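The structure appears right after this line, and notes come after that.
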């Protein structure tokens, strides 16, 4: 009986530690605000590298709970579309249209 109680207490404490450890991990936020913040960070980094103020123009719109985000690179004339993903960190900008003028 003593072993049974000791095993029960040990199992309960290990389960509690497991739930505590799992609860302590951070869940990644997949909201639209997070995606837009990551986009803003990306654009700011690009502006910092190229020193081309106003190079990127962003257009975002929503139709029936579907969000689209487009980014125009005014220096090259290329149009990019944000390809969504189930995880926010995996969203990628995909070239939608190349420039219609020579560089």
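If the chain linking residue 55 and residue 76 were pulled fully straight, counting 0.36 nm for each residue of separation and taking away their Cα-Cα distance, it would gain 6.7 nm.
The relative contact order of region 64-103 comes to 34 percent, based on Cα pairs under 8 Å that sit 6 or more residues apart. For residue 62 and residue 18, the FRET efficiency from 1/(1 + (r/R0)^6), where r spans their Cβ atoms and R0 equals 30 Å, is about 0.15. The fraction of all Cα pairs in the chain landing in successive 10 Å bins from 0 to the largest distance is 12, 30, 21, 11, 10, 9, 6, 2, 0, given as whole percents.
Note on residue 100 and residue 31: with the Förster distance fixed at 41 Å, the Cβ-Cβ geometry gives a FRET efficiency of about 0.70.
Read-outs throughout are calculated quantities, based only on the coordinates presented, and are distinct from any laboratory measurement. Because the structure is predicted, anything quoted here is derived from the model rather than measured. Positions of Cβ are backbone-derived with ideal geometry, glycine not excepted, and every protein chain shown enters the neighbour counts.
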